[in-house]
Amino acid sequence: MTLTPKTTDEDKRRDSKRDDAHLDGFGPLPVALETELRKLEQAFTVDTAKLKEISLHFENELRKGLSRVSRCLLPSPPSSPHSDESDSEDYFGFQTEEGNLPMNPTWVLGWPSGRETGEYLTLDLGGTKLRICWVTLSDRNNEPIVDQEIYQIPEHYKAGEAEQLWSFLANSIADFVQDRELEPDEGTVLPLGFTFSYPAVQEYIDHGVLHTWTKGWDIKGVEGHDVAGQLRQAIRRKGLPIDIVALMNDTTGAMIASAYHDPETIIGAITGPGCNACYMENCGSISKLDGHSLPANLPMAINCEYGAFDNEHLVLPRTEYDVAIDEESPRPGEQAFEKMSAGMYCSEIFRQIVLDLWTRKLVFKGQSATKLKVPYVLDIDFMFDLEEDFSHKLSKTRMLLRSVLQLDANDAELLFCRHIVEIINTRSTRLSTCGVSAICRKKDIKSGHVAADAVMASRPRLKARWAQALGEVLDWPQDREHDPIIMTVARDGSGVGAAVISAMTLQRIADGDLTGVKQK
Ligand code: GLC
């Protein structure tokens, strides 16, 4: 290592985490690469003061999102192949005074008791795969039984038509139900919990109008329509004895699944494919729901959809690579925070940097960049695999660069790649604490568990970095014995979480409380 030690908090933090014995044996970087590395380090560093500034702005945005006032019908709904039926009236939008955070009410009213039981179908649509489960809940003290099947969603469907998507889902459900020989009791239907990990505005728990596709999806005929309604129609067309009891976001599922077993859960957070969080708010603080006359102390989970934070670019320190990623995405100007912090975009930032340096003949000189030129060729794990490569002289990294990008790295290129991975991951982790700290401050939460997806929560280096940054923003004492807020690995949100939310909803209906239920 030839990087000159600096004296900032940022460096102390990084140095304290360094366990770089496996990097011994590498010589110094060539001057040109060293200079590039320095520039990148500077551009990607988010110091404590900046973190605090972002977090403060975040807190204001959370409040604005809850107090958004007017809901309006938009003039002309985009055409949908299903607009003939029940979702035709569902195209609406919000007129915002200011701010970007949707802060979507979920109609998940309160925490699970831990006594939820029963059998539920669950469906998870949110990334590259479709997951269908049959979940059996006993109670908090027993491990739920999850029988699952994964279905690969053809890549081109993500830019296809609504009809194709919903038919694929309904056909997959039909296969699953037939394969497992699942049948409802006489006169009933199988209850389905649907995890839809995109920003859906929910007027009811079994309804949700897609506001905008995120994470690179771009299927026509869904935005502005009730996704539960569209799936319900596709299920009916197949003649399946199934009904959607609850629609939820992956963050809500993660929070409730975790709280089912761990009552100290305060937040559900996702950082892998996208970046978002869910927490429990009091209805009295959700003034955009004032018209519903809900009790002020009634708790309701809020899906923040905070990937959309700072779409106006007021506080986030964007680099040229962030700008390029945004401009090349299907929805430029949207999901500013997500595009700088979610795992899927971190890999893309890495690719853009290496490609930039290749173009300037600073790395991989004379080698073909055919693979390197393919957008999103690197999956989320790539970045973590590189950062967690403790093999002698980064032999695993060398192998991955060869197999995934068809690039043969020399020592300097290996070391350089390793450093930029660290720089990108560090920024992402530090930024992700801004949303969590803002929620904690807004709710005056001093301790508890943040249930996060395994992408971050199961990686010790990232987790330590996250705790360090959260402590910086929230001014935790340096000499603390324990971190008051810790990250836990979220339980299975789209399986167990969806089942628990379905159970809670059915129980509410059975108790005669139809608050936030459409298909009564
Ligand atoms: C995107 C989606 C959001 C989801 C997150 C994580 O931000 O808009 O709904 O929770 O990704 O999957």
### Task
Find the relative contact order for the chain and round it to a whole percent, using C-alpha pairs within less than 8 Å whose residues are 6+ positions apart.
21 percent
### Message
Given axes a ≥ b ≥ c from the Cα gyration tensor, I'd like to know whether segment 185-256 is rounded (a/c under 1.5), prolate (a/b larger than b/c) or oblate.
### Response
oblate
### Query
Using alpha-carbon positions, what is the distance between the centroids of segment 143-206 and segment 235-257, in Å?
7 Å
### Message
Could you derive backbone 3J(HN,Hα) for segment 419-430 from the dihedral phi with the Karplus parameters 6.51, -1.76 and 1.60 (θ = phi - 60°), listing whole Hz in sequence and x where the residue is Gly or Pro?
### Response
5, 6, 4, 5, 5, 5, 5, 5, 4, 4, 5, 5
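Let me know the shape class of segment 97-211, please: from the alpha-carbon gyration tensor, a ≥ b ≥ c as square roots of the eigenvalues, rounded when a/c is under 1.5, otherwise prolate if a/b is greater than b/c, or oblate. Spell out each step's value before the answer.
On the way: a/c = 1.96, a/b = 1.13, b/c = 1.72.
Judged from the Cα gyration tensor, segment 97-211 comes out oblate (a/c at least 1.5, b/c at or above a/b).
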### Task
Kindly rank 143-150, 279-286, 295-302 from highest to lowest mean number of other beta carbons found within 10 Å of each residue.
279-286, 295-302, 143-150
### Task
Determine the alpha carbon to alpha carbon distance for each of Lys215/Lys339; Lys64/Lys288; Lys215/Lys371; Lys442/Lys463 and list only those over 19 Å.
Lys215/Lys371; Lys442/Lys463
### Query
Where the centre of each part is set by its Cα atoms, how far does segment 416-442 sit from segment 36-65, in angstrom?
9 Å
### Message
Rounded to whole Å, give me the distance from the Cα center of segment 304-320 to that of segment 360-400.
### Response
27 Å
### Task
Assuming R0 = 30 Å, can you tell me the calculated FRET efficiency for the pair Asp479 and Asp47, based on Cβ-Cβ distance, to the nearest 0.05?
0.90
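For a protection proxy built on the mean count of beta-carbon atoms within 10 angstrom, sort 258-265, 508-515 highest first, please.
Numbers: 258-265: 21.1, 508-515: 11.9.
Result, highest mean Cβ count within 10 Å first: 258-265, 508-515.
Do the sum for the chain: with -39,500 (n - 2.57) for every DSSP H run of n ≥ 4, divided by all residues, what is the mean residue ellipticity at 222 nm, to the nearest 500 deg cm²/dmol? Walk me through the numbers before you get to the answer.
Working: 15 runs with 199 residues, N = 520.
After summing the helix terms and dividing by residue count, I get -12000 deg cm²/dmol.
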## Note on the structure
With DSSP loop assignment and no more than 16 other C-beta atoms within 10 Å, the trypsin sites (Lys or Arg not before Pro) in segment 137-212 are Arg180
### Message
Can you give the FRET efficiency to the nearest 0.05 for Arg115 and Ser285, using r as the Cβ-Cβ distance and R₀ = 22 Å?
### Response
0.20
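With the cut-off at 1.5 for a/c, could you classify segment 256-316 from its C-alpha gyration tensor as rounded, prolate or oblate?
Numbers: a/c = 2.98, a/b = 1.17, b/c = 2.55.
Oblate, since a/c reaches 1.5 and b/c is not below a/b.
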### Query
If the chain between Arg402 and Glu320 were fully stretched, how many nm would it gain, using 0.36 nm times the residue separation less the Cα-Cα distance?
26.9 nm
### For the chain, size of Cβ-based charge dipole, Lys and Arg +1, Asp and Glu -1, in debye
1200 debye
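All of the numbers you see were taken from the coordinates with simple rules; none came from a lab. Being a predicted model, the structure only gives us computed values, none of them experimental. Note that we place each Cβ from the backbone using ideal geometry, even for glycine, and neighbour counts take in every protein chain shown.
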